[in-house]
1. Among the residues of region A:110-142, which ones are in a loop (DSSP other than H, G, I, E, B), of a type in the set (S, T, N, Q) and at pLDDT 95 or above?
2. What number of residues in region A:199-257 are buried (at least 21 other Cβ atoms within 10 Å of the Cβ), hydroxyl-bearing (Ser, Thr, Tyr) and in contact with a Phe, Trp or Tyr (Cβ under 7 Å, 6 or more places away or on another chain)?
3. Out of A:177, A:181, I need the residue that is under 20 Å from residue A:208 (Cβ atoms) and either surrounded by 15 or more Cβ atoms within 10 Å (Cβ to Cβ) or hydroxyl-bearing (Ser, Thr, Tyr) (or both). Which one?
4. Could you pull out every one of the strands (runs of 3 or more DSSP E) wholly within region A:153-257 that has 2 or more residues that are over 25 Å from residue A:50 (Cα atoms)?
5. Please tell me if residue A:52 is free of Cβ contacts under 8 Å to residues at least 60 places away in the same chain, under 16 Å from residue A:9 (Cα atoms) and surrounded by 20 or more Cβ atoms within 10 Å (Cβ to Cβ).
6. Given the criteria more than 16 Å from residue A:18 (Cα to Cα) and within 14 Å of chain B (Cβ to nearest Cβ), does residue A:204 qualify?
Amino acid sequence: MFEARLIQGSLLKKLVDAIKELCTEVNWDISNSGINMQSMDGSHVCLVAFNLRADGFDHFRCDRPLTLGINLGNLAKILKCSGSNDIITMKADDNGDTLTLMFESEKQDRITDVDLKLMSIESEHLGIPDQDYSAETSMPSSEYQRIVRDLSSIGDTVNISATKEGIKFSAMGDIGTANITLRQTSSADKEEENVKIEMKEPVLLTFALRYLNNFAKATPLSSTVQVFLTKDLPVQVNYNIQDLGYVKYYLAPKIEE
Amino acid sequence: KSGQSRMESFFQVL
């Protein structure tokens, strides 16, 4: 059987909210090392992956590897029944067709349990090799959220370029053009408020802003985000979930036809 | 004119 207890249950709610619009039906792979998911969106333009480590849970038990087919929209509806300070426990039997979720209030004076019906889902798994990035940028997640939101009011696509000047985001639309350049900083009070840029080679890639905006739904999970740009490859946008794991998004670039 | 590429163009389906 599988059983996992998370004191900070709101993280699970935030994670599901961060991915449910891109992927609706997904497989969660459970093993004694934790919970993993990898899924492409319906149009196969982007890929979402998360990892929740077993040691990030307050209690984690998995007797043998399980695949749970989950409708994320339905899971999100169920998680709406949990309070923001609730402790969440998930349980599934080895051959069961439901995932049981239990929400306990902080004082443990209110307990909700809900069974979510599981599904059988056919999904493709992509092998993503370790890559040598052209440029790696770490920035406050609120900064990333603001850039992609602001540029969405100018156009549908963004050119992202890394040069010795910094990282430049440029959007072009019917009403005009906009450029936002981020330079490396070191003066912020907290380390995570700084922008860090590590560039190995200049790179320029074009992406659909709609997806980059969707990735910003993970902002509540982490104060920082890492953006990896690689020549002629999908951009990778990483949010580390403190003491628990990560959610990563990959977006295929727009290419000249 | 630029077109949208798909994930399978970059990573192998296992």
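1. Going residue by residue through region A:110-142, those that are in a loop (DSSP other than H, G, I, E, B) are A:110, A:118-125, A:128-134.
Filter again for of a type in the set (S, T, N, Q), leaving A:120, A:123, A:131, A:134.
The answer is A:120, A:134.
2. Qualifying residue count for the region: 2.
3. Numbers: A:181 fails: under 20 Å from residue A:208 (Cβ atoms).
After ruling out the rest, the residue left standing is A:177.
4. Numbers: elements: A:157-163, A:166-173, A:176-182, A:196-199, A:203-208, A:224-229, A:235-241, A:245-251, A:254-256.
Passing ranges, in order: A:157-163, A:166-173, A:176-182, A:203-208, A:254-256.
5. So residue A:52 does not fit the description; no.
6. Details: more than 16 Å from residue A:18 (Cα to Cα): yes; within 14 Å of chain B (Cβ to nearest Cβ): yes.
Answer is yes for this residue.
The values are calculated or read from the model by the stated rules, or taken from the named source; none is laboratory data. Just so you know, these numbers come straight off a predicted model, no measurement behind them. Counting neighbours? That spans all protein chains shown, and the Cβs are built from the backbone with ideal geometry, glycine included.
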